[in-house]
Amino acid sequence: MSETKKIMWMIKKDLLVLWRHKPRLISLFLFPIIMITLFGYGMGGTLNNVPVVVVEQSQGPITDATLTAIKGNSLYNVKDIITDPDKGKQMVQSGQVKAAIILPSNYDNLNDTSQKSIVVDVDSSDQLAASVIIPATQGLFNQISNQIGIQELQTLNFTSTSVASTPQGTNFQNILNSINLQINKLYGNITYLDFLVPAIIGMTILFGCVFGMGEIIAGERERGELARLFMTPTSVSTVVGGKIISKLVQETGRGIILIVAAVLLFGIIINGSIMLTVLLLILGALCFIGFGIMISARVSSQEDFMQSVMPITMPMMFVSGVFYPIETMPWIFQKIAYILPLTYVNDALRAVMLKGAGVGDIWIDIVVLLGFTALFFALGVTQFNRDV
Amino acid sequence: MKYAIETFDLTKKYDEFTAVDALNMKIDNNSIFGFLGPNGAGKTTTIKMLTCLIKATSGTGNVAGYDITNNPNEVREKIGMVPQLVSLYGDLTVRENVYLCADFYGLPTDLKISRADELMELVDIKYAQNKLVKQLSGGMKQKASVVASLIHQPDILFLDEPTIGLDPTTKRVLWDLVEELNSEGRTIILCSHDMYEVELLCDGIGIINNGVLAAFDTPRGLKDTMIKEQKELKSTKDSNVIKIMEELRKESSVEDSAAFDKIKENIEIRNRDLKELSVMISNLDENMLNHLNKLPSIHEIVEHDSGRIVMDIESSDESVNQIISAIITNGGNITSIATKDPSLEDVFMSVTAKKEEEGVDNE
Ligand SMILES: Nc1ncnc2c1ncn2[C@@H]1O[C@H](COP(=O)(O)OP(=O)(O)O)[C@@H](O)[C@H]1O
Ligand SMILES: [Mg+2]
């Protein structure tokens, strides 16, 4: 009973502080909305109508179907259909198009069991276009191969012209995973904005939770406010528990308001279960709160806290696939992405919000996040320094 | 339970640095104990250990009858603490802060409300109860902090430099409060730099320096020790002078032994107990001075002007009586009278300076 009262006070205090700092309260919601607007509209434009050229070296129903698929996708703006691969490459080099999609000469020959190799020459000097074309094209052909039943269509070679930084030999499975999203874009009506919103919300919660814990643990320790609580007969678990619940209430609330805002302001459609989306928000928030507690458990000031979390949270923002699909990044970043919890939050939120995935589809994400959360909490609580 | 606080080799180390070194103190129940020491001496660290805010590196202590290492929560129930820096939530109002503390001590709602009102009235902060703490002046903040620390009616109250930077009126309010709390039977531990405050309030004093307890006594006891030490120091110095002079006389066979005897006599008189007496007499005149000059208990008139006379007198109660009655019988009109004892400040300076020298020797 008395512990409940203490926890209620910790929640009440944090909410009162927020309420009494109107600018802080406003920027809490303004920040993610500005991010969505800036990136969503700033980048959304370049993702449609990327000029490409298609090189067909055979004729037949499969080629026709492929052409229809490419043309039907708003990502591509098919400038020309030619037959000479070298000319296609030249067009990329001269900047007329961003990519040349070169179909092999045995493309329409169903009797030919040898490998069918599609080559895409990409202008990798335009990072953004390249980063979108590669996975989208990969996915497109994956879809085509499934639908049309070309079993042998397995390998895609991407060669880049101007700059050789395009991921060659990217793990095929990875690409397939990421492409699902872009495929949906082809056949559903998903824009970059839809892609961005779940991850921006994930990222906002990350920063909110981590910095928030820094403020209410490291900051309060520094200002002696934590000492005031520990002066009373109150256990570490009550204080830490109260702080966790308080932050969780705030950040989940913020996540829900942001989702509503995204629906109202940007016309986002949530395809999956709203309930599951909210549960994922809570799980993500818990995980990041745990991270915040782990770091703030032993540091004595907010400054120290910031110094400790910055090297982890800033890269997390860029590597965890908030702005681009992870699979478009260099392999080393991809490996790093898999050890960052934000990656799993983004993946799960996107799967539910965009593809309408259920728990069965995202159970790996959930298990990994639960694991991170348990680890952070265990370390945070055992390491927590009661001395103030 | 005879002692409010007892420590047993209480020690706190920060890495290699020893902030508090094997502290042994016994503080009587229902006393006001002054804890003095220069900045960085280890006062706050000691108080934090006693209030179970930090763990001792070694040693332990009993506070309010409970062991600080094994029963910290029992200790916490019994004590209150006003920290050196006000640590209330700046974005909450005074009343909210007080209620928050009350709930953390598990007070029932009716007690919480009645005590908050009572205490806020007592220290005169109720008029600002709905202001955010960050908007208050230093003195008001300190009052709010005191209210928050008293809400659970602790047996022992720790005050860490509570009156620093406060105006005289606010200081007075806090001093009165300390005396009132003490008269209700509570023990007060007062960390302070303000010698006047300590002298005014405290029954016992501990002086800590470089983490070591350098002196522990009543204010009177400390001063007496100091007077004795000063006298011993003076007399050894003086006897050295006499020795040298005697040797000089032997060697050079100085004839003027009268002059020598005079010096020797002077030194010996000085070594008798002398203290300074300063009297304001509105009608001080030559006649009065002559009379006073004849009194045997007055060793020397140090200075005098139209209304004030300062003299070195024998340090006994009779000598003061004698001088006063002499002034009165000669028609003197005394407006004020003061003797100069060594102040607590002198004791403080001497104890901390001495220990610093010793500390250097040890290293
Ligand atoms: N958390 C800490 N880490 C390291 N040193 C500390 C810490 N707290 C206090 N000290 C050191 O311990 C000594 C005693 O400090 P403190 O008890 O605050 O002194 P006082 O209150 O008497 O001014 C100081 O030298 C101070 O620098
Ligand atoms: Mg101090």
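The values are calculated or read from the model by the stated rules, or taken from the named source; none is laboratory data. Predicted model only: the values in this text are computed from it and were never measured. Every residue, glycine as well, gets a Cβ built from its backbone with ideal geometry; the counts of neighbours run over all protein chains shown.
If a residue must be surrounded by 20 or more Cβ atoms within 10 Å (Cβ to Cβ), within 13 Å of the chain's Cα centre (by Cα) and outside any helix (DSSP H, G or I), how many such residues does the range A:330-367 contain?
Qualifying residue count, the range A:330-367: 1.
Residues in the range B:42-60: is at least one in contact (Cβ under 8 Å) with a residue 40 or more places away in the chain, at the interface with another protein chain (Cβ under 10 Å from one of its Cβ atoms), in contact with a Ser or Thr (Cβ under 9 Å, 6 or more places away or on another chain) and of a type outside the set (K, R)?
yes
Assess whether B:V63 counts as being touching a residue at least 12 places away in the same chain (Cβ under 8 Å), closer than 25 Å to B:V198 by Cβ and within 16 Å of ligand 2 (Cβ to nearest atom).
No; evaluated as a whole, the condition is false for this residue.
Inside the range A:344-388, can you point out the residues that are within 14 Å of another protein chain (Cβ to nearest Cβ) and free of Cβ contacts under 8 Å to residues at least 24 places away in the same chain?
A:D387 - this is the single residue of the range A:344-388 that is within 14 Å of another protein chain (Cβ to nearest Cβ) and free of Cβ contacts under 8 Å to residues at least 24 places away in the same chain.
Go through (1) modelled with pLDDT of 95 or more; (2) within 16 Å of ligand 2 (Cβ to nearest atom); (3) in contact with an Asp or Glu (Cβ under 8 Å, 6 or more places away or on another chain) one by one and return the number of the condition B:T46 breaks.
Looking at each condition in turn, B:T46 falls short on (3).
In a helix (DSSP H, G or I), surrounded by 10 or more Cβ atoms within 10 Å (Cβ to Cβ) and under 28 Å from the mean Cα position of the chain (by Cα): does that describe B:I327?
No: the conditions fail for B:I327.
Taking the range B:174-210 only, how many residues are away from ligand 1 (no atom under 16 Å from the Cβ), at negative phi and assigned to a loop (DSSP other than H, G, I, E, B)?
4
Being farther than 30 Å from A:K243 by Cβ, assigned to a helix (DSSP H, G or I) and touching a strand residue (DSSP E or B) at 6+ places or on another chain (Cβ under 6 Å) is the requirement here; does A:I81 meet it?
No, not satisfied.
Condition check ((1) free of Cβ contacts under 8 Å to residues at least 12 places away in the same chain; (2) under 17 Å from the mean Cα position of the chain (by Cα); (3) buried (at least 21 other Cβ atoms within 10 Å of the Cβ)) across all residues:
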site	(1), (2), (3)
A:S273	no, no, no
A:V299	no, no, no
A:D304	no, no, no
A:M314	yes, yes, no
A:S320	no, yes, yes
A:F323	no, yes, no
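Quick check on A:L279: is it more than 26 Å from A:A337 (Cβ to Cβ) and in a helix (DSSP H, G or I)?
Criteria not met by A:L279.
Applying the selection to the range B:86-126, what residues are under 24 Å from A:I11 (Cα atoms) and assigned to a loop (DSSP other than H, G, I, E, B)?
Selection gives B:V86, B:S87, B:L88, B:Y89, B:G90, B:D91, B:L92, B:Y105, B:G106, B:L107, B:P108.
Restricting the search to the range A:292-311, which residues are among the aliphatic types (A, V, I, L, M) and within 18 Å of A:I205 (Cα to Cα)? Before the answer, list the steps.
Let us first name the residues in the range A:292-311 that are among the aliphatic types (A, V, I, L, M), namely A:293-295, A:297, A:299, A:306, A:309-310.
Hits for the range A:292-311 are A:I293, A:M294, A:I295, A:M306, A:V309, A:M310.
If we keep just the residues of the range A:41-80 that are in the same structural domain as A:I133 (by TED's automatic domain parsing) and among the small types (G, A, S), which is modelled with the highest pLDDT?
Only one residue fits best here, namely A:S58.
Could you check the range B:150-171 and list, in sequence order, the residues that are within 16 Å of ligand 2 (Cβ to nearest atom) and within 14 Å of chain A (Cβ to nearest Cβ)?
Across the range B:150-171, the qualifying residues are B:F158, B:L159, B:D160, B:E161.
Which count do you get for residues in the range B:144-173 that are assigned to a helix (DSSP H, G or I) and either hydroxyl-bearing (S, T, Y) or modelled with pLDDT under 95 (or both)?
To start, the set of residues in the range B:144-173 that are assigned to a helix (DSSP H, G or I) comprises B:144-150, B:168-173.
Remaining after also requiring either hydroxyl-bearing (S, T, Y) or modelled with pLDDT under 95 (or both): B:145, B:149, B:168-173.
Qualifying residue count for the region: 8.
Among the residues of the range A:65-85, is any farther than 30 Å from B:L88 by Cα, basic (K, R) and under 28 Å from the mean Cα position of the chain (by Cα)?
yes
Can B:S316 be described as of a type in the set (S, T, N, Q) and exposed (fewer than 15 other Cβ atoms within 10 Å of the Cβ)?
Yes: the conditions hold for B:S316.
In the range B:150-159, is there at least one residue being out of contact with any strand residue (DSSP E or B) (no Cβ under 9 Å at 6 or more places or on another chain) and either over 30 Å from B:G106 (Cβ atoms) or within 16 Å of ligand 1 (Cβ to nearest atom) (or both)?
No.
I'd like to know if the range B:75-98 contains one or more residues that are away from ligand 1 (no atom under 16 Å from the Cβ), more than 8 Å from every other protein chain (Cβ to nearest Cβ), under 18 Å from B:I188 (Cα atoms) and without any contact (Cβ under 8 Å) to a residue 40 or more places away in the chain.
Yes, some residue in the range B:75-98 is away from ligand 1 (no atom under 16 Å from the Cβ), more than 8 Å from every other protein chain (Cβ to nearest Cβ), under 18 Å from B:I188 (Cα atoms) and without any contact (Cβ under 8 Å) to a residue 40 or more places away in the chain.
Condition test on B:V20, is it aliphatic (A, V, I, L, M) and away from ligand 2 (no atom under 16 Å from the Cβ)?
no
Just one of A:L18, A:L28, A:L38 is modelled with pLDDT of 90 or more, among the hydrophobic types (A, V, I, L, M, F, W, C), assigned to a helix (DSSP H, G or I) and closer than 30 Å to A:L193 by Cα; which is it?
A:L18
State all residues of the range B:1-40 that are small (G, A, S), within 9 Å of ligand 1 (Cβ to nearest atom) and surrounded by 24 or more Cβ atoms within 10 Å (Cβ to Cβ); if no residue qualifies, say none.
B:G37
Could you please tell me which pairs satisfy a Cβ distance under 8 Å, a separation of 6+ or placement on different chains, a first residue in the range B:159-174 that is under 16 Å from B:V147 (Cα atoms), and a second residue that is assigned to a loop (DSSP other than H, G, I, E, B) and away from ligand 2 (no atom under 14 Å from the Cβ)?
B:V173/B:V123; B:V173/B:D124; B:L174/B:V123; B:L174/B:L166
If you scan the range B:134-148, which residues turn out to be small (G, A, S) and within 16 Å of ligand 2 (Cβ to nearest atom)?
The answer is B:S145, and nothing else.
Condition check: of a type in the set (S, T, N, Q) and closer than 21 Å to A:M10 by Cβ. Does B:N70 satisfy that?
Answer is no for this residue.
Go through A:G88, A:G60 for me and flag whichever is at positive phi and more than 14 Å from chain B (Cβ to nearest Cβ). Full working, then the answer.
Working: A:G88 fails: at positive phi.
Just a single option satisfies the conditions, and that option is A:G60.
Got a sec? Which of B:I205, B:I188 is hydrophobic (A, V, I, L, M, F, W, C) and farther than 29 Å from B:L100 by Cβ? Even if it seems obvious, please write down each step before you answer.
Details: B:I188 fails: farther than 29 Å from B:L100 by Cβ.
Just one listed residue meets the conditions, B:I205.
So which residues in the range B:61-73 are farther than 23 Å from B:G211 by Cβ and more than 8 Å from chain A (Cβ to nearest Cβ), if there are any at all?
B:A64, B:G65, B:Y66, B:N70, B:N71 - these are the residues of the range B:61-73 that are farther than 23 Å from B:G211 by Cβ and more than 8 Å from chain A (Cβ to nearest Cβ).
Mind checking whether some residue in the range B:211-223 is away from ligand 1 (no atom under 16 Å from the Cβ), assigned to a helix (DSSP H, G or I), away from chain A (no Cβ under 14 Å) and of a type in the set (D, E)?
No: zero hits.
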